[in-house]
Amino acid sequence: MARILVVDDTAENRALIELCLRGTEFEVSAAASGHEALESCREHSYDLILLDVVMPVIDGFEVCRRLKNDPLTAFIPVIFLTGHIGDESEKLAAYQLGAVDYIQKPVDRDELVARIRVMLRLEDTRSRIDRENVALRRQLGKLQESLGDAVESLRELQLLREEMAGGRDPAALVVDGQGRVVSGDGVVIELLGELAPGCVLASRGPGPLRLWRLIEGDVRSAELVVTDRGGQVRQLLVRVRALPGGMRLALLQDLTAVRAAEQRLRDRDPIEAAAPAIDWPRPEFTYHMTDFIGRSPAVDELSDKVGLLRQTRSTVLIYGESGTGKELVARALHFDGQHRNAPFIPLHCGAIAPDLIESELFGHEKGAFTGAQHASAGLFRAADGGTIFLDEIAEASAAVQVKLLRVLQRGEIRPVGASQSRIVDVRIIAATNRDLLQMVRDGQFREDLYYRLEVVTVHLSPLRERLADLPLLVDHFITRCNRRFERLDRPLRGVSRGALECMLAYPWPGNVRELENVIERAFALGVGDVLQLKDLPLHVRMGQPTLASRPLAQSSDVVGPHVAEPAAADPGEGDLRSRRLSLEREAMVQALQKCGGDKVAAARSLGLSRSTFYRRLKELGL
């Protein structure tokens with residue numbers, strides 16, 4: 001149903017036009033002044049405007065001009081209705097402002113309805129043509145991008161062909177059965193160094209030694225990487241032929257430029273990230289966790305376990321390295337189950353100061369401590385009937401551990417300062433990246449609470465153990481960043497073959513969170529239509545994480561260590577800032593280990609305030 005706005009300062013005229021349009025397919029609204037009309041157009045959308053010319057303060061011409069200058073209302077058809085008999089110049093001015101019709105009052109009902117229908121059909125046709133033009137322009141843009149990629153690929157292929165066709169003749173080297181050089185041309189000396197007749201090939205450095213092993217092993221054809229006399233790394237194709245008298249001929253073809261051209265082609269070759277490396281078959285009826293990306297066997301096994309647990313109220317303990325998606329699993333356990341409409345409250349146990357976490361969890365009475373001007377219900381009462389997710393449960397203080405034990409045993413909580421306990425029905429899901437059993441042995445975690453929490457355990461595999469899911473994750477993050485960075489007209493279409501191979505070879509100590517950051521970094525730095533090798537951070541391209549991470553040691557029940565220790569830095573290497581950060585990180589880790597993970601005690605031992613210590617932990621990635 002088309003919406004029509006009638007603008008006239010006379011109530012009788014507005015009522016008359018509304019009466020004319022009653023019983024038609026139009027929905028009619030009215031405005032008594034130009035200001036009211038402009039305000040109504042900002043708040044509502046209209047398909048056509050019937051506009052009076054002569055009005056106080058702002059006349060119809062001024063209203064039309066403002067509507068046409070606003071991109072949000074410029075395409076609304078405007079029909080002028082006027083009882084003023086003037087010359088043709090006023091009608092011409094109306095059309096010049098953008099009006100589609102100019103009608104004298106009084107107007108015949110049938111004529112008015114007919115003209116409105118004609119103008120609406122014309123507007124529908126114009127809108128359809130505009131949409132088709134936009135679609136054609138987008139299609140043309142994609143074709144131009146594809147053509148540009150094809151031209152660039154052809155140029156690279158031409159360079160590759162020229163490199164292969166215009167390459168130098170193979171270098172020839174003759175050796176006897178003991179590896180002594182019989183003869184060699186100048187190109188061999190350029191590639192492998194000075195090789196005088198009679199010298200032993202194996203004694204002339206690592207490159208000649210590897211070459212002799214190929215010759216000695218009767219390898220017919222192989223590739224060899226050497227460093228030439230100028231210090232440049234060369235890739236050689238070695239072909240070995242037997243000669244009379246036990247001698248052998250080695251032909252060395254320099255493929256360095258050819259391999260570089262091939263790598264450039266591979267890096268420009270886009271791969272659709274949506275296609276997983278392995279298409280794992282799954283039955284259509286199988287449950288899969290909401291928002292958890294992956295189709296590998298590890299994710300399938302995890303989904304099957306969550307599918308069983310989501311309909312229960314059992315306590316669940318989730319083990320997994322940082323960035324593996326522990327909170328996503330907790331949300332799936334709650335929101336995919338029968339209690340999805342009940343509250344779900346997540347809490348990071350290390351994000352709240354130890355002296356406040358008890359009040360946050362269990363609430364407090366008015367006046368229970370300094371600053372408690374009002375009573376607070378606490379998170380457990382807020383989550384009554386639902387789920388509370390305790391992330392990094394290993395960082396809970398000893399006092400909080402005692403109260404958590406009471407909640408798990410009897411469903412009782414006692415607010416700070418209260419004399420009586422209260423009963424709550426809350427499902428507890430906890431998560432950690434530390435070995436709770438080892439913490440129990442070290443006296444850092446209550447044994448009784450450990451066994452209360454570990455009713456059912458769920459283990460999350462790190463990204464390096466489910467690399468088949470990496471292409472799906474990359475596609476997911478690219479789609480999300482295309483929307484976030486408003487790249488809908490020129491979206492990132494995928495990753496190149498070279499970039500994907502590099503990402504598959506990287507260990508991802510930060511897991512999925514680190515992968516998301518790498519994709520977002522590329523968008524922030526203006527990546528083109530294909531994410532290429534050069535768009536990845538240097539440490540990813542080199543396969544060397546910025547922080548050395550010790551992965552969680554998976555056992556049958558628990559996972560590994562408490563704190564990721566930094567790699568020992570050579571004090572003679574790196575710039576001053578890197579060395580300072582490395583030493584600071586090492587000192588903080590040692591303080592945490594010495595204090596048994598107690599952050600307050602570790603901060604005190606280093607002479608830092610608690611807030612400064614927490615901030616530096618976050619900044620250093622600990």
What is the antiparallel percent of DSSP beta bridges lying wholly in the chain, to the nearest 5? 40
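With n ≥ 4 as the cut-off for DSSP H runs, can you work out [θ] at 222 nm for the chain, using -39500 (n - 2.57) per run divided by the number of residues, rounded to the nearest 500?
-13500 deg cm²/dmol
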Residue by residue through the range 458-463, what is 3J(HN,Hα) from phi via Karplus (6.51 cos²θ - 1.76 cosθ + 1.60, θ = phi - 60°)? Round to whole Hz and write x for glycine and proline. 10, 10, 9, 6, x, 4
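How high is the relative contact order of the range 382-464, given as a whole-number percent (alpha carbon pairs under 8 Å, six or more residues apart)?
Numbers: 82 pairs, mean separation 30.3, N = 83.
After rounding, I find 37 percent.
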Using the charge dipole of the chain (Lys, Arg: +1 at Cβ; Asp, Glu: -1 at Cβ; taken about the Cα centre), state which of Leu236, Thr312, Leu173 has its Cα farthest towards the positive end. Leu173
If you work out percent of Cα pairs over 46 Å apart from the coordinates, which of (i) 22; (ii) 51; (iii) 17 do you get? (ii)
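Using a 10 Å cut-off around each Cβ, can you sort Leu201, Leu21, Leu140 from fewest to most neighbouring Cβ atoms? List each step's numbers first, then the result.
Values: Leu201 26, Leu21 19, Leu140 10.
Listing Leu201, Leu21, Leu140 from fewest to most nearby Cβ atoms yields Leu140, Leu21, Leu201.
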HN-Hα J couplings of the range 179-185 from phi, Karplus 6.51/-1.76/1.60, θ = phi - 60°, integer Hz, Gly and Pro as x? x, 7, 6, 8, 7, x, 8
Of the options His539, Ile4, Val455, report the single residue whose Cα projects farthest towards the positive end of the charge dipole of the chain (beta-carbon charges: Lys, Arg +1; Asp, Glu -1). Val455
Just to check I understand the Karplus step: with θ = phi - 60° and J = 6.51 cos²θ - 1.76 cosθ + 1.60, what whole-Hz values come out for the range 402-407, glycine and proline as x? 4, 6, 5, 4, 5, 5
Residues meeting the amide H criterion for Ile318 (H placed from the backbone, H to H distance under 5 Å, 5 or more places apart or on another chain) are Ala430, Ala431, Thr432, Val458
Just the ratio, please: alpha-carbon radius of gyration of the range 288-342 over 2.2 N^0.38 Å, N its number of residues. 1.07
Can you tell which of Val512, Leu488, Val474 lies farthest toward the positive end of the dipole of the range 470-519, using +1 and -1 charges on the Cβ of basic and acidic side chains (Lys, Arg; Asp, Glu)? Leu488
Excluding residues fewer than 8 positions from Lys68 in its own chain, the lysines with Cα under 27 Å of it are Lys91, Lys105
Placing +1 at every Lys and Arg Cβ and -1 at every Asp and Glu Cβ, with all other atoms neutral, what dipole size does the chain have around its Cα centre, in debye to the nearest 20? 2020
Run the simple label-point estimate for Gln593 and Ala242 please: 7 Å along Cα→C-beta, distance reported in nm. 5.8
Assertion target for Trp508, Trp212, ordered by fewest C-beta neighbours within 10 angstrom first, is Trp212, Trp508
When each of Lys534/Lys594; Lys326/Lys366; Lys142/Lys305; Lys326/Lys403; Lys534/Lys599 is checked by Cα-Cα distance, pairs over 32 Å: Lys534/Lys594; Lys326/Lys366; Lys142/Lys305; Lys534/Lys599
If I take every Cα pair under 8 Å that is 6 or more residues apart in the range 281-390, average their sequence separation and divide by the length, what percent do I get for the relative contact order? 24
Residues Arg121, Arg295, sorted so that the one with the fewest Cβ neighbours within 10 Å comes first: Arg121, Arg295
For the modelled label position 7 Å from the Cα of Glu90 along Cα-to-Cβ, which residues of the range 37-56 have backbone nitrogen atoms closer than 11 Å? 53-55
To test your reading of the geometry: what angle, between 0 and 90 degrees and rounded to tens, separates the Cα axis of helix 326-335 from the longest principal axis of the chain? 40
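The numbers here are math on the coordinates, done by the rules we state, and not lab data. Owing to the predicted nature of the structure, the values given are computational and were not obtained by experimental measurement. All Cβ positions, even for glycine, are placed from backbone atoms using ideal geometry, and neighbour counts span all protein chains on display.
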